[in-house]
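**Q** What follows is a single structure, and I will ask about it in a moment.
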Amino acid sequence: MTVSARGRIRLWAGLVFATACSSGRTSAPSTTPVPAEGSAATEAPAAPTSAGGIPAAYRLEAPEWWAHAIAQGTRTTTGAPGPNYWQQYASYKLEAELNPVLKRLTGRGRVVYYNRSPDSLPVVYVQAYQNLFREEAKRNQQTPKLGGIDFDRVMAEGKILSSVAKPTEPGYTVTGTIMELRLPKALAPHDSLVMEFDWQFRVPSETAPREGQDGEVWFIAYWYPQLAVYDDVNGWQIDQYLGRGEFYMGYADYDVKLTVPTGWLLDATGTLENATQVFTPQTLARLDSARTGTTIVHVVTEKDKADSVATTKGADGKLTWHWTARNVRDFVWGTSPRYLWDAARAVTDSAKGKITSSSLVAAFYRPEAVRSYWDEAARYGRHSVEFFSKKLWPYPYPHMTAVDGPEGCGGMEYPMLTCIGGTYDSLSLYEVVTHEIGHMWFPMMVGSDEKRYGWQDEGFTQYDQSQAMADFFKGFDDEARNRDYYLRGAQAGYEEEMMKPADRYGNDQSYGIAAYWKPATVLVALREALGRETFEKAFREYGRRWLGKHPTPWDFWNTFDNVTGQDLSWFWKEWFFETWKLDLALDTVQIEGDSAAIVMENRGKAIMPVPLAITREGGGVERVMVPVSVWFGGEKRYTLKVAAKPAITKVEIDPEHGYPDSNRGDEIWSRGRAASSVTPTSKR
Ligand SMILES: [Zn+2]
């Protein structure tokens, strides 16, 4: 999901500013730092350290479930999935019809659930997300209070389950947004279960989060009974859907038939199986040219709408669209009688100048959405898919479509589709398009638990968004924006630790900091500390290892430690579990004989290796990385000795401004002017 520019202003409206390892081995310094004689480094009493040299205060404590997963061999200390790693699977065969007059969706489906766990399951859980809109629902966001899902038929293994059966007997119970199915017979390990459902619900209005209808466009999500995730670390994830906290979804195959009025365009997760039945030859030909050419093709224009030549006539005023998708986390669709359709080819992989894979990038939007630059959306989407395919790994799906949705969507990601509501300028529309497309990598392909660890998809995506924006808007510094939001929010007292379930934050500001801006910011800091190449290698390797799987934060951290060959637990602990501040400062530079003593201070609680740029007479700049271990003993001051000649004219800490320093302004020493230890009057 995106916190849009407007959303940010809303989030911050109440604030004063109301605007919008072995850690000794960081990247090789060009000057080898040595602890100076008589410096605080040697005077301070050493804090207790672990065998690896990481002090207790900075050590990561693994939870019990982690130790259990290691013992079971489902996870490993290297961060790769273990030899006994397993995850559940499902296969959905669904049919649904949308009645726009009654605003009702009726659906039925057959779901096969494959139990690949070593456990016998007497009950299974199914999501009933639409119950967020029941009058009496518990919620932590404002939503429409009209709706909820009604199950007309529930079956398991050919037997009808009743909602009024005794709790000790086979049957089902819906509690809030979770449905419990008590099975006629426990589902054995490596066996499968067939369930059938008939259901209906009122499609919520445009004030619903992430989905809904505004009378013109219909974005249908959370619309079928979806299995809850049962995993090797926490068993069933059956936390209620309250509005703020997002999702944890299993991988599955889908075969879906959707019936909507004739003349409506529809796009969905997956591949359209009956294109020749729903599209006219003209639409098919234009799609073909979009797939094979290099230009953006107007597949359906305003004139085509007026002439009713985009789709076939169907029967009884209805048209049924048949879709399939494999190995995806969810299935959603968007439909409207008003959509225009732009499409283009995105190159997702190439070798020796030849395109080896591509995908169809598209935009569905209403004619008046050009005021929000929607006629640029296909181009924005193409850049995003191509950029992330290069930066991370190739986009694997047949299409990616940005859908102009009801206002409440804000920006919301689904496999191959993103629902975007609201008004935008060109920068913010690119931002939301690239953010949601970034989510195809995290969490669509790398399927983390967003409810427990919001940063594991939002923070990573916020980071990736910044990379795409810098590429598209040549040099646009979105990282500085994230850092600014984080530091301002923290200063205003909204910071809570990142390792907290999304629904347990005190307010949306705290969640915004912990899930988006702080994680995106600390990834940049880590990149500065490790070097870009090492950082990106570890980041990609994490994705590669957990593609189509369910990584926990420990899998991410261990992969980084493993790939970089460093114990980075000090970093994970201080940024992910604590709300410590970083405040590095230069005190002074003193000439002592033929060496210069650069005295730096750690005025905060967080520790980091210290990147230094030392400028000498003649203009030469030397880069030094002081290892983080100089702070392991609780030191507040550290002195680095370097050669005095040629004379030093300037020393700067963190010259790339990649660190979230809470008090920027005391990082520079220049000759003839003492380093400022005065609080700066204005913050960056
Ligand atoms: Zn997001």
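The values are calculated or read from the model by the stated rules, or taken from the named source; none is laboratory data. Quantities reported herein were computed from a predicted structural model and do not represent experimental measurements. Cβ: placed from backbone, ideal geometry, glycine included. Neighbour counts: every protein chain shown. In case anyone asks, the SASA skips ligands and DNA or RNA and just uses the protein heavy atoms, side chains included. Shrake-Rupley method; radii C 1.70, N 1.55, O 1.52, S 1.80 Å.
**Q** Can you confirm whether G475 is farther than 21 Å from A346 by Cβ, away from the ligand (no atom under 13 Å from the Cβ) and at pLDDT below 95? Reasoning before the result, please.
**A** Working: farther than 21 Å from A346 by Cβ: yes; away from the ligand (no atom under 13 Å from the Cβ): yes; at pLDDT below 95: yes.
Judged against the criteria, G475 is a match.
**Q** Quick one: which of G422, G454, G489, G475 is within 15 Å of the chain's Cα centre (by Cα) and of a type in the set (G, A, S)?
**A** Working: G422 fails: within 15 Å of the chain's Cα centre (by Cα); G489 fails: within 15 Å of the chain's Cα centre (by Cα); G475 fails: within 15 Å of the chain's Cα centre (by Cα).
So the residue among G422, G454, G489, G475 that is within 15 Å of the chain's Cα centre (by Cα) and of a type in the set (G, A, S) is G454.
**Q** With a cut-off of at least 1 residues that are at pLDDT 95 or above and over 30 Å from P184 (Cβ atoms), name the strands (runs of 3 or more DSSP E) lying wholly within segment 82-161.
**A** Details: elements: 89-99, 104-114, 121-127, 149-156.
In segment 82-161, 89-99, 104-114 are the strands (runs of 3 or more DSSP E) which contain 1 or more residues that are at pLDDT 95 or above and over 30 Å from P184 (Cβ atoms).
**Q** Continuing with this model, one more query. Which fully enclosed strands (runs of 3 or more DSSP E) of segment 233-307 have 1 or more residues being open to solvent by less than 20 Å² (accessible area, probe 1.4 Å) and of a type outside the set (V, I, T)? Please lay out each step first, then the result.
**A** Working: elements: 252-261, 265-268, 297-300.
Once the strands (runs of 3 or more DSSP E) in segment 233-307 are filtered for at least 1 residues that are open to solvent by less than 20 Å² (accessible area, probe 1.4 Å) and of a type outside the set (V, I, T), what remains is 252-261, 265-268.
**Q** Which of the residues spanning segment 355-391 are of a type in the set (G, A, S) and in a strand (DSSP E or B)? Lay out the reasoning, then the answer.
**A** Just the residues of segment 355-391 that are of a type in the set (G, A, S), to begin with: 357-359, 362-363, 369, 372, 377-378, 381, 384, 389.
Those that are of a type in the set (G, A, S) and in a strand (DSSP E or B): S357, S358, S359, A362, A363.
**Q** Next up: Could you give me the residue pairs with C-beta distances under 7 Å whose first residue belongs to segment 640-667 and is closer than 12 Å to D484 by Cα, whose second residue is in a strand (DSSP E or B) and open to solvent by less than 30 Å² (accessible area, probe 1.4 Å) wherever it lies, and which are 6+ apart or on separate chains?
**A** Y659/L582; P660/L582; D661/L582; D661/L584; S662/L582
**Q** In the list A377, A402, which residue meets the criterion of being touching a helix residue (DSSP H, G or I) at 6+ places or on another chain (Cβ under 8 Å), closer than 16 Å to R210 by Cβ and not acidic (D, E)? Before you say what the answer is, go through the steps one by one.
**A** Details: A377 fails: closer than 16 Å to R210 by Cβ.
Checking each option against the conditions leaves just A402.
**Q** Suppose we keep only residues that are surrounded by fewer than 18 Cβ atoms within 10 Å (Cβ to Cβ) and more than 31 Å from the chain's Cα centre (by Cα) within segment 315-346. Which one would you say is farthest from Q282 (Cα to Cα)?
**A** That would be D316.
**Q** Which condition number does L183 fail, the rest of (1) in a strand (DSSP E or B); (2) open to solvent by 40 Å² or more (accessible area, probe 1.4 Å); (3) out of contact with any Ser or Thr (no Cβ under 8 Å at 6 or more places or on another chain) being met?
**A** (2)
**Q** Read through the list (1) within 16 Å of the ligand (Cβ to nearest atom); (2) closer than 20 Å to F576 by Cβ; (3) among the small types (G, A, S), then give the number of the only condition that G493 fails.
**A** The failed condition is (1).
**Q** If a residue has to be within 14 Å of the ligand (Cβ to nearest atom) and either in a loop (DSSP other than H, G, I, E, B) or open to solvent by 10 Å² or more (accessible area, probe 1.4 Å) (or both) to count, how many in segment 392-414 make the cut?
**A** Final tally of qualifying residues: 1.
**Q** Kindly check whether there is at least one residue in segment 536-549 that is in a strand (DSSP E or B), buried (at least 20 other Cβ atoms within 10 Å of the Cβ) and among the aliphatic types (A, V, I, L, M). Talk me through it step by step, then tell me what you get.
**A** Initially, segment 536-549 is screened for residues in a strand (DSSP E or B), giving none.
No, segment 536-549 has no match at all.
**Q** May I pose another question? Where in segment 582-661 are there strands (runs of 3 or more DSSP E), lying fully within it, with 3 or more residues that are within 42 Å of the chain's Cα centre (by Cα) and within 20 Å of T521 (Cα to Cα)? Steps first, please.
**A** Details: elements: 584-592, 595-602, 610-616, 621-626, 637-643, 648-653.
Per the criteria, 610-616.
**Q** Report, ordered by the first and then the second residue, all pairs with beta carbons closer than 7 Å, sequence separation of six or more or different chains, a first member in segment 421-436 that is within 15 Å of F387 (Cα to Cα), and a second member that is part of a helix (DSSP H, G or I) and more than 15 Å from the ligand (Cβ to nearest atom).
**A** Every condition considered, the pairs that remain are Y430/Y380; Y430/F472; V433/A377; V433/Y380; V433/G381; T434/Y380.
**Q** Consider segment 604-655. How many of its residues are open to solvent by 30 Å² or more (accessible area, probe 1.4 Å) and touching a helix residue (DSSP H, G or I) at 6+ places or on another chain (Cβ under 6 Å)?
**A** 1
**Q** Give the residues of segment 153-173 that are under 26 Å from L242 (Cβ atoms) and either open to solvent by 60 Å² or more (accessible area, probe 1.4 Å) or among the aromatic types (F, W, Y) (or both), sorted by residue number.
**A** Result: S163, P167, Y172.
**Q** What's the number of the only condition in (1) closer than 22 Å to L105 by Cα; (2) under 27 Å from the mean Cα position of the chain (by Cα); (3) exposed (fewer than 14 other Cβ atoms within 10 Å of the Cβ) that E135 fails to meet?
**A** In the conditions (1) closer than 22 Å to L105 by Cα; (2) under 27 Å from the mean Cα position of the chain (by Cα); (3) exposed (fewer than 14 other Cβ atoms within 10 Å of the Cβ), E135 misses (2) alone.
**Q** Sticking with this structure for a sec: For residues that are closer than 12 Å to W374 by Cβ and in contact with a helix residue (DSSP H, G or I) (Cβ under 6 Å, 6 or more places away or on another chain), tally how many sit in segment 405-428.
**A** 5
**Q** Also, I was wondering about something else. If you take the residues in segment 423-438 that are more than 14 Å from the ligand (Cβ to nearest atom) and surrounded by 22 or more Cβ atoms within 10 Å (Cβ to Cβ), which one is farthest from E541 (Cα to Cα)?
**A** Y424
**Q** Follow-up. Counting only residues that are hydrophobic (A, V, I, L, M, F, W, C) and surrounded by fewer than 24 Cβ atoms within 10 Å (Cβ to Cβ), how many does segment 447-478 have?
**A** Initially, segment 447-478 is screened for residues hydrophobic (A, V, I, L, M, F, W, C), giving 455, 460, 468-470, 472-473, 476.
From what's left, surrounded by fewer than 24 Cβ atoms within 10 Å (Cβ to Cβ): 469-470, 472-473, 476.
So the answer is 5.
**Q** Report yes if some residue within segment 523-534 is assigned to a loop (DSSP other than H, G, I, E, B), out of contact with any helix residue (DSSP H, G or I) (no Cβ under 6 Å at 6 or more places or on another chain) and farther than 25 Å from N234 by Cβ; otherwise report no. Give the derivation first.
**A** The first filter runs over segment 523-534 and keeps only residues assigned to a loop (DSSP other than H, G, I, E, B), leaving 531.
From the residues that got through so far, the ones that are out of contact with any helix residue (DSSP H, G or I) (no Cβ under 6 Å at 6 or more places or on another chain) too are 531.
Going one step further and asking which of them are farther than 25 Å from N234 by Cβ, we end up with 531.
Looking for residues that are assigned to a loop (DSSP other than H, G, I, E, B), out of contact with any helix residue (DSSP H, G or I) (no Cβ under 6 Å at 6 or more places or on another chain) and farther than 25 Å from N234 by Cβ, one finds at least one in segment 523-534, hence yes.
**Q** Next question, about the same structure. Take the conditions closer than 28 Å to N663 by Cα, in contact with a strand residue (DSSP E or B) (Cβ under 9 Å, 6 or more places away or on another chain), charged (D, E, K, R) and open to solvent by 20 Å² or more (accessible area, probe 1.4 Å) and apply them to D508. Does it pass?
**A** Working: closer than 28 Å to N663 by Cα: yes; in contact with a strand residue (DSSP E or B) (Cβ under 9 Å, 6 or more places away or on another chain): no; charged (D, E, K, R): yes; open to solvent by 20 Å² or more (accessible area, probe 1.4 Å): yes.
Spelling it out, it is not the case that D508 is closer than 28 Å to N663 by Cα, in contact with a strand residue (DSSP E or B) (Cβ under 9 Å, 6 or more places away or on another chain), charged (D, E, K, R) and open to solvent by 20 Å² or more (accessible area, probe 1.4 Å).
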